[in-house]
Every structure is written in C-alpha cells, then in structure tokens.
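Peer 1: Below is one structure. I have some questions about it.
Bear in mind that the values in this text are calculations on the coordinates, not laboratory data. Please read these numbers as outputs of a predicted model, since none were measured by experiment. Methodologically, a virtual Cβ is constructed for each residue, glycine included, from the backbone with ideal geometry; neighbour enumeration extends over all protein chains shown.
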Amino acid sequence: MLITCPYCGPRDVIEFTYQGDGNRERPDPASQNFEAWNAYVYDRLNPAGDHNEIWQHSGGCRTHLKVVRNTLTHEISSVAFMRGDHGRGDHGSAARRKAEDKS
Amino acid sequence: MSPRRTDTGGRVDRLKTIRFTFDGAPYTGHAGDTLASALLAKGVTLYGRSFKYHRPRGLLTAGVEEPNALVTVLKGKVREPNIPATMVEIHDGLVAISQNRFPSLAWDINAVNQLGGKILSAGFYYKTFMGPVFGPLKGTRFWMFCEHFIRRAAGLGSAGSAKDPARYERMNAFCDVLVVGSGPAGLMAAKAAADQGARVMLADLEPLFGGSANWSDETIDGAPAADWARRTVAQLAGRDNVRLLPRTTVWGYYDNNTLAALERVSDHKEQPGKGEPRHRYWAIRAKSVVLATGAFERPLVFPGNDRPGVMLAHAAERYANEFGVLPGERIALFTNNDSAYRAAVALKKAGAAVVAIADVRPELSPEMRKLAAEAEAEIFAGHAVVATEGGKALSGLKLQRFDMTNGTLIGDPRSIHADCLLMSGGWSPTIHLASQAGAKAEWNAARQAFLPPKPTQSWIGAGAFTGSFSTLEALAEGRAAGLAAAGGQSTQSMLPTVEAVPGDPDPAPVFEIRAKGKSFVDFQHDVTAEDVRLAHREGFVSVEHLKRYTTLGMATDQGKSSNVPGLAIMAEALGKPIPEVGTTRFRPPFAPVSIGSLAAERFGDLKPERLTPMHDWHLANGATMYSAGLWYRPMIYGLSGETVEQAYVREAKATRERAGIVDVSTLGKIAVQGPDAALFLDRVYTNMFSTLAVGKARYGLMLREDGLAFDDGTTWRLGEQDFLMTTTTANAGKVMQHLEYFLDVIWPELKVHVTSVTDEWAGAAIGGPKAREILATCVTGTSVDNATLPFMGIVRGEIAGVPVMICRLSFSGEMAFEVYSGAGYGTHVWEALVEAGKPFGLVTYGLEALGTMRIEKGHVTGAEIDGRTTARDLHLDWMLSKKKPFIGSAMMDREGLIASDRLELVGLIALDNRPLNGGAHIVEEVDEANPHGSIGHITACCYSPALGKHIALALVKGGKARQGTRAHVSDSLRNRFGPVEIVSNHFFDPDGSRMHG
C-alpha cells in the first residue's frame, strides 16, 4: 500500500503508523457526558468501503494525515493534512452521516 | 551414458559429470540437470510416499507444481524439507533424502494405511477425534492419545532444529515494467518494453529463460525455438535498462502494483560466492506488470492415476527435449485434448516406443491421426484408461471403450503393456498472481478452464496465461503487452514466424473416469474423487467448505494441479455447472517461501541497536550488558567470581551506605516548548505543571483516553515556555507519538512544539549518602547545597569543563542527582564523576541494583503500568488533579475502574526466606495438585539487601485492604509454593527522609 504524503510524496505504508479512526469526535474536555466519551473511545463504524482514517508519517515528516481509504480495495482516494481543519471538520461528520444513511 | 539419456539435445552438458547422493546412494548427473531429471535418467521410478496412505509415488511433473517428488535437502546440519525434486538443480556434493517413509522409501511400514482407506477418508479427523467421549475409541481424548502416531505417519518432511547459518537479504526495486515468466510471450514482452526505453525486470522461477521454447521442438524465425530464446535473452542481457532475474519466483501481488519475489541465489552451488546470500527477497514496485506465467497441465482422474510411471504428457516432453531423458521405453498416452499428440511425436523422436494413444474423444482430426502415425502409435479413440498395474513402477494399464457423453464404460477392458503412461486433462492458465491482485477468475467453457479476470491493478496478460495456447499467439500477445506496458504505440514490424504442430486448444469436457479403485484428485494430500463425493453426500456444498473438509488443494503445492478437477467433480455431484460452484481465491505465496528471506538482515549482527554515550566505558569496566528493546544497558558490573545476585546486592548496598552511579541516558527525553507548553502539559498529565516554578521538576503521570495509566516520568521546567519531559525507556516513542497526535489532531490551536532529544543528552544518576559531597568536589559554577539545590530543584554548572544540568530527584530512594550533559561529553563527565567518587567509595551500578532499589521503594515501572492498571490501582490517585480536565479524566472513574476488587499494588515478603518469581500467582490457600483461586500475581521481585529478605511487588485483588495479612505464592511451572506476607509497596524509608536529606 502506498500513501502519498503531501510533504514527502508517495511512500510505502511501512513508513506510516495508523493513528485511529478519523470519524471520532472528541467531546469537550470538561464534558461529563459519559455516552459521548464512550462513543469517542470505543464506537467504530467498520465500513465496507471508504473509511476516514488518521495516519502519521512516523518514518518521515511525522505529520498526521487525513486519509480516505477503501477497506475493500485499499484504494486511497484522498490524503490531506490533519491540521487543515483542526481535525474535526465536516470531513468526519459527513462520512458518519453517510454511513448512517446507508445502515 | 545411461540407457534413458539421449545422445544429443536439451540443456544438459553431457561432458560435465556431477556427483550427488539420494537417500545415501551415490548418483551422477550432468550440468543442467534437476534432481528429478538426473534420477529419472538413472531409471529411478520411486521418489516419495504419499501423505496419508503412504502409496509409492513417482514424478508427475517437471516443474514447480510437482506434488509427489518432494525431498529434503541437507546442507551441513541444516535440513530444508518439502522441495520438489523438479526444482532442485544438482551440484557436486548435493545431499537429498526422500520423505514420509519408514524405515526406507522402498519398504515403508505405513503403506498398510492403503488397506484402511475407508477409515482414512475425508473428514477422518473430524469424525474420529472431535466432540464428546463415547466409548474408548472416540473424541478429543482419543486424539490426544493418537496424535503422536498420526503426526509421525501422516506428513511431509521434518524441519531441522539447527540454526540456519545462511545469509538472506532483501532488495527494494523499482521498474516501469515487470515481466513475470520468460516463455515466448514473456521474452517478447520484455524485448518490446525494453525497445521503448522502459526499465524492465524479467523474472522466471526456472534457472533457464525460455519457458516452453526450451522443450517445444518448434521453430521460431527458422531456428529451433530454444535457440531463438537464448538469442533474445542475450540481447536483453546486454541492455542497461533490463534486469534479468532467473531462479526468481514472483510469489505475491499486493496493493499499488507491489510484488514480492524470491530469488534462489546460491542453492544451486556447492558453495555460495563471496558475499552471496542464499536467497534474496525482492520487493518490486512496478508501474506496470506483464503476466506471462503460462499454464499448468491437468492430470486426468482415473483409478491408479498416481502409480509411479504415470506422468503429465508435457512433463515427459520436457524431460525428453529439455533434459534428454526418456521417462520410459514403452510409453502409452491418455488424453482429452490435442496437446498430448505433440508429446507422442517428441518421445518417438527421442527414441522411445509409443505403444498407444487413448483419447476420450470418439472423433479425431486428420492432423492428430497424422501425428499419431508419425509417432507410430496405435490410436484408441473413444477409449479411457480404467486401471494401472505395477508396484513401485508401472508395468501396464487397462483400456476400455468410453462414452464421453455420459461417462459410461462399454465392453471388456483390454491390457496394454507399458512402463510409462502420459496423461493430459487440458490446461489451466497460471492465474494465481492475477487472482491475488484482486479479481475473480472467469470460467471459459471452450477451454474448460478459469481465465484471468479483468485487471483491478495495472497488469496486462499474455500467452498461455490468457488461454492463448499457441506460440504464435504468445509472441503476438507478448509484444502487444510489452508495448502497452511501456506506453508505446503498436508496431508495424513483422512478428517472428513460427513452425509448430497444429492442434485445437479446446479439450473435451472430461475430468474423471469413474471405475473401481482409488482415483486421485489431489496427489499431495491424498484426496480421491470419492472423498470429494463423500463430502458432498455429507452436506458440504460450498467449495470453501469442500476444500477445508477434504483438504483438497491445501498442501504445499496449493492445488496447482488438483483445483480444477476437484471443482469439476464437485460440480457434477451438485448437478451444477462449474462456474456456479465457483473457485477459491488464490492467496500468496504462489510457491513456498523461505522464512529466512522474509527476516532478511533484520536479526543478528545487522539488527539495529541503540548504545548510550558511555557504552564503551561500561564494557571496558566489566559491565555485563542487558538488551532492553533496542538499547543495551549495564546489568551488573560483576567482580571476578561474583554471581549476578552477589553483584547487585553489593552494588545496591554500597549505594545505600555510600554512593552509586548509574547510566540513565536511555530515558526518553522530549523538549516541550512554546507559549502554550504549560497548558499543554496540564492537559497531558494528570497533575498540574502550569504551577511549576522555573528551575524545578515534578513527577508526572499520564493516562490514556480510556482512563488507564500510560506512562510516568519527571518533567523539568527550564524556562517559562521551555520544558524537558522525561519518559520511561520503553515508552519514549509511544509518548512522543501521543503528544504529536494531540497537537496535530485534537488541539492544533496550541502553540507548542515537541522535539525528541533522547539522543542529545547523556544522563548519569548519582545517589546515596555521599552523593552530594561527591558532586560538591567536582561541580563548578554552582553550589549543590540544600538551599541552592533543594529536592526537585535544577541548577546549571560545569563538570570537568563541560556544561551540565543537575536535577535533584530520586528513583533509588537515596538523596540523588541526575546529571545531564551533551551526549558527546557523556563519557567525559561520567569519568569525572567516577573519579571524584573514588575517595568516597562510589560504585557503578546496573539495572539489577536499580531494580532492587526501586522495588524496595515501591516505585512503579512498565511491569506495573501494564495497560490494565489505573492510577488508583497503583496508589497514585494523589496525582489526579480535580482542578482541570486531562487526557483520561472523563473515563477513569467508570464503574469497572473503581471497583473494590481490582488488582492493586502491594508489597510481598517471602516468609520462607526463599526467592520469589516474577509472574507467580498469589492465592489464599495453596493447592499444589490443582492450582486455582488466583488473587493476583508478582510483577517484580528481588533479594532486598536493605531488608535482608526476599521481597516482591505484586498486583493483588483488593490489595490495599489485605495489607498485613498472609497469602501464598503458587507457581506450578517452577514448582514454587510458599507463604508470603502482604505489605505496603513502600518497603524502605516510607517517609522519604533519606532522599529529602
């Protein structure tokens, strides 16, 4: 699998570390809403198809990347910097909505 | 020259004799021979015993798909089992032995298994050995009793236990076009792509490029095809943009056109060349791939089709034309298609008598009749072989009239005397790589074969791989594929001309002749046609279930010859067409791969290692080193004659009585800098850091998001916006990633930068009652008294002219100081400290003494912060700030994490004064015969010189409440049982008066 890092170019997956599901939305730090925290820490979509993921180029520039990967074909349709939208922009919630619509 | 060896022709060099042994007996062969061809030339018919029934087996094929003739090759003390004899190139000194026989190949005791064929049918293991026990001869317990005998009787070669001294290496390669297979199609593709200027790699698993050109006896451009192949290869070899990889099996097709290949660099040599590895693992990233992997001929399924002397037709043709070896003197053929007629002509030309050709088809074309006449063979159209005769070699066979429209046999059988029977059941394109690459194979009814699917990755097929079985088609498709792969335009130049015997590529749809006797589908796993039908009768209708129940296609040959016939028989049983039954997906590897090649250089001398700046000093001063992850750290500095325990007890005692110094350079060190650094640390740690004064340090604890403990360490405030965080040695990388994740993903608005500085600083911790006095004699530029350097204070000064940073903190429980200097000055400062300590009796100590003192103090490390414990479990709840949220604060108070019966940290004292063991269970009542009722386990243990007792830290259920009570250790693995007292984890100096001074 190759991931095209916006800084470093196409690199083998061996240079990257999976840093988790990109659809997670971290509750407000002071929030005591246990359901929301539980969903953030444990609930995952596990879609068959496009999946929003966070990868770190740990063997390169160490940037965190927002990657859309097809779990069936490993095709990567987009790679962007995580910092671009503070990590929880429309990207994550749109995919979640889409997945919920399907279910 | 042996009678089986022809006088001329083929790739062998008859002037070069090579000596080797097989099962201890000396043999000779010629350069260019495989073990199979050399033995066949000597008239050897018996090569192995079958997996389950121990039936005698001969050569079925001449290539990688060989299921029968598996051998073990011995090199020194190293044995490599299960290599097809067809893939072993002989060399002087080669030692090969047969497998799965006892006491010898010719006389095998377990051959009686043949008589018990009914018992060993499909599903034998499941039926006999699983489930509840009914009577003495059933169920799981019976399996446990029988396993030893069955494992010995059923099987392949045995692996060796000697360490493999061979070297393996890995190569990463990039190319525009990777061509897999070097037959006419592959060679044309490589040439066409190379002519376009593309960077080309050409790989073939055989030692000699050319594929079928080496044995087809056709002509290309007026020359023998083998000469054309050699000429083309020579042209390719001379080009800078082409890399040729013979003996290289491309075994995996992965995402993004990444392919894995195994090159057998020196297996065919008596000694590898200087610097040559045994195998080389190639990771190839190709812009485009040409798959020209050819096709495998299929056996026909009929009674006795596994007898030694029964061989695939093309294999015999190959032995005759490529190796100059005749597989027999009186040869019969049995076929459902035209391709076998060419083999008949080839064998006749080579000097054998072709006595009969049995063809299941009632009508034969005039061309085939002409070929049969050329071979002087009698034709039996509309006939089938219904039995074979002979023991360890074929002596004859029986033919019977056969109606292929309904599979019935008519009339009386008729005997034919022959010592070799060639069979051809049609051809299956070698689509394994294409299947791995992602798509489902497509059934072609005319070819009676699965053809490659539409590409889901960037590959192009050519030749027999696509179901185009003629050489002319192979050349045309190969050139087109090479051009397209290299991005070139089609060319007007002429294709080479081909002279070949004619033939219809489509076989008759006949896979099996149903008659009395065992008809084998999977030769390597001894699966018969009846086994497949039995599986169907017992309700296995899915091809995936059939495969697992019968183990069809699950041997080391991965069903290369058996998949399609097995599927056809299943389809017939189900009454469904083959495509509806479907096929299983091929998975990597295409052929077995050596584990050594996958590990390549990543072990032994070439494993990466991390050394502290003082590493050489430790070695020069008697340290025994200990590997901790990639790091090497002193374990003890043993005196001559000292045991490890004596050494660490001496070191720990001297530190508590006088002073000791230890290398702590391996601790993770992260510079946390920026306007929001303090705020960031407040969020990351459970306790406050924004309130920490500049020039002070604080012990900090981190949790994970789920509320469990993650890592601990001290963080030093060097400036208003400048912190130096230390982590445990093992977690340095994980903590760094944790911080980067939160800064990059969760809080990108924070103005903080984190930098790993582990390797920039050398660290030495000096502790003990004399530590401050020692420092005072060698530190300049600052005082180290209590007022200037209080507990958790930081000062800057110099030691021996080198700037140092000194922080007063303690892991040992003594008054202690961590002295950090630039890594390049680490040894210089260390030596100065050691020198200054001499008058005070300073000792150097290693990890064992460090561990002992931390256990005495009850400090936690990774053994206790094990990913299951909370801050409360470790009595660190005093560090959980209530004034702010932090990572993990929302989840740490979940019901399960605050339950009263959680494993909590305690101390243990052995009441029988014997050593305790890490990992031992703690129980309330000892029951040596039936250990049970664990209430926890030991995480760390030592002999404590300070207490004069064997002590341990342990995680025990509701441990805090149990302090002051007794329990027992129960360790049946090491047979250690005995009473212990549960105490506080703070064994030594619990109020900290020693470190506060």
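Peer 1: Using packing as a proxy for protection, rank B:68-79, B:877-888 so that the peptide with the highest average count of other Cβ atoms within 10 Å comes first.
Peer 2: B:68-79, B:877-888
Peer 1: Moving to a separate point now. Using only the alpha-carbon atoms, what does region B:747-790 span along each of its principal axes? Please give whole angstrom values in decreasing order.
Peer 2: 47, 25, 21
Peer 1: Viscosity 1.002 mPa s, temperature 20 °C: Stokes-Einstein D of region B:861-924 from its Kirkwood Cα radius, in µm² per second?
Peer 2: Numbers: Rh = 14.2 Å.
Estimated via Stokes-Einstein, D reaches 151 µm²/s.
Peer 1: Answer rounded, prolate or oblate for region B:668-758, using the Cα gyration tensor with square roots of eigenvalues a ≥ b ≥ c: rounded when a/c is under 1.5, else prolate when a/b is larger than b/c, else oblate.
Peer 2: rounded
Peer 1: Skipping prolines and chain starts, which residues have an amide H placed within reach, meaning under 5 Å, of the one on residue B:601, given they are 5 or more residues away or on another chain?
Peer 2: B:170
Peer 1: Taking a cut-off of 16 Å between Cα atoms, list the lysines near residue B:883, but don't count ones fewer than 8 places away on the same chain.
Peer 2: Excluding near neighbours in sequence, the set is empty.
Peer 1: Could I ask something else about it? In a Debye calculation with equal point scatterers on the alpha-carbon sites of region B:712-849 and no solvent, what is log10 I(q)/I(0) at q = 0.15, 0.17, 0.22 Å⁻¹?
Peer 2: Ignoring solvent entirely, the Cα scatterers give -0.79, -0.98, -1.46.
Peer 1: Oh, and also: Using θ = phi - 60° and the Karplus relation 6.51 cos²θ - 1.76 cosθ + 1.60, list the HN-Hα couplings for region B:566-575 in order, rounded to whole Hz, with x at every Gly or Pro.
Peer 2: For region B:566-575, the Karplus-derived couplings read x, 5, 5, 5, 4, 4, 5, 4, 7, x Hz, x marking Gly and Pro.
Peer 1: Using a simple charge model, +1 on the beta-carbon of Lys and Arg, -1 on the beta-carbon of Asp and Glu, nothing else, what dipole does region B:668-758 show about its Cα centre, in debye to the nearest 20?
Peer 2: Using only the charged Cβ atoms, the result is roughly 300 debye.
Peer 1: Report, for the protein assembly as shown, the % of DSSP beta bridges that are antiparallel, rounded to 5.
Peer 2: Given both bridge residues lie in the protein assembly as shown, the antiparallel proportion sits at roughly 75 percent.
Peer 1: Where Rh is the Kirkwood radius over the Cα pairs of region B:900-996, the temperature 25 °C and the viscosity 0.890 mPa s, what D in µm²/s does Stokes-Einstein return?
Peer 2: Estimated via Stokes-Einstein, D reaches 183 µm²/s.
Peer 1: If you place +1 on the Cβ of every Lys and Arg and -1 on the Cβ of every Asp and Glu, how big does the dipole about the Cα centre of chain B come out, in debye to the nearest 20?
Peer 2: Dipole of chain B, to the nearest 20 debye: 1260 debye.
Peer 1: Still on this structure, please answer the following. Calculate the FRET efficiency for residue B:231 and residue B:606 from the Cβ-Cβ distance with a Förster distance of 51 Å, rounded to the nearest 0.05.
Peer 2: Plugging the Cβ-Cβ distance into 1/(1 + (r/R0)^6) gives 0.80.
Peer 1: Right, something else. Please turn the phi angles of region B:462-468 into ³J(HN,Hα) values with the Karplus equation 6.51 cos²θ - 1.76 cosθ + 1.60 (θ = phi - 60°), one per residue in order, whole Hz, x for glycine and proline.
Peer 2: Working through the residues one at a time gives 8, x, 4, 3, 8, x, 8 Hz.
Peer 1: Show that you can apply the helix-only estimate: for the protein assembly as shown, add -39,500 (n - 2.57) for every DSSP H stretch of four or more residues, divide by all residues, and state [θ] at 222 nm to the nearest 500.
Peer 2: -6500 deg cm²/dmol
Peer 1: At a temperature of 37 °C and a viscosity of 0.692 mPa s, determine how fast region B:210-341 diffuses translationally according to Stokes-Einstein, using the Kirkwood radius over alpha-carbon pairs as Rh; express D in µm²/s, rounded to the nearest whole number.
Peer 2: 179 µm²/s
Peer 1: Now for a different question. Taking only the alpha-carbon positions of region B:299-425 and ignoring solvent, what does the Debye formula give for the base-10 log of I(q)/I(0) at q = 0.12 Å⁻¹?
Peer 2: Log-scaled intensity ratios, in q order: -0.37.
Peer 1: Ok, one more. Please express the shape of region B:776-873 as an equivalent ellipsoid: the semi-axes are the square roots of 5 times the eigenvalues of the C-alpha gyration tensor, given largest first in whole angstrom.
Peer 2: Computed over region B:776-873, the values are 29, 16, 14 Å.
Peer 1: Would you work out if region B:166-243 is rounded, prolate or oblate? Take a ≥ b ≥ c from the square roots of the eigenvalues of the alpha-carbon gyration tensor; rounded if a/c is under 1.5, else prolate when a/b is larger than b/c, oblate otherwise. Mind dumping the intermediate values first?
Peer 2: On the way: a/c = 2.46, a/b = 1.46, b/c = 1.69.
Oblate shape, in that a/c is at least 1.5 and b/c is the bigger or equal ratio.
Peer 1: Regarding region B:794-848, what's the average projected area of the Cα-atom convex hull, expressed in nm²?
Peer 2: The number I arrive at for region B:794-848 is 4.3 nm².
Peer 1: Apply the a/c threshold of 1.5 to the C-alpha gyration tensor of chain B and tell me whether it is rounded, prolate or oblate. Show your work: numbers first, answer last.
Peer 2: On the way: a/c = 2.63, a/b = 2.11, b/c = 1.24.
Because a/c hits 1.5 or more and a/b exceeds b/c, chain B counts as prolate.
Peer 1: Something else: Could you give log10 I(q)/I(0) at q = 0.06 Å⁻¹ for the protein assembly as shown, computed by the Debye formula over C-alpha point scatterers of equal weight, without solvent?
Peer 2: Treating every Cα as an identical point scatterer, log10 I(q)/I(0) equals -0.66.
Peer 1: Among the listed pairs B:669/B:734; B:669/B:857; B:77/B:607; B:52/B:392; B:16/B:349, which are separated by more than 20 Å between their Cα atoms?
Peer 2: Table pairs above 20 Å Cα-Cα are B:669/B:857; B:77/B:607; B:16/B:349.
Peer 1: Straight-line reach only, C-alpha to C-alpha below 12 angstrom: list the aspartates and glutamates that residue B:957 could link to, leaving out same-chain residues fewer than 8 apart.
Peer 2: B:873, B:901, B:904, B:924
Peer 1: Residues with beta-carbon under 10 Å from that of residue B:389, excluding residue B:389: net charge, scoring Lys, Arg +1 and Asp, Glu -1?
Peer 2: Here the count lands on +2.
Peer 1: Can you give the % of DSSP beta bridges in chain B that are antiparallel, to the nearest 5?
Peer 2: Bridges in chain B that DSSP calls antiparallel: roughly 75 percent.
Peer 1: Which residue, B:590, B:603, B:623, has the largest displacement toward the positive end of the dipole of region B:571-628 when charges sit on each Cβ (Lys, Arg +1; Asp, Glu -1)?
Peer 2: Towards the positive end, the residue furthest out is B:590.
Peer 1: Which Cα, out of B:333, B:418, B:365, lies furthest along the positive dipole direction of region B:299-425 (beta carbon charges, K/R +1, D/E -1)?
Peer 2: Farthest towards the positive pole: B:418.
Peer 1: While we're here: In debye, nearest 20, what is the charge dipole magnitude of the protein assembly as shown about its Cα centre with +1 on Lys and Arg Cβ and -1 on Asp and Glu Cβ, if you could check?
Peer 2: Around 1260 debye, computed over the protein assembly as shown.
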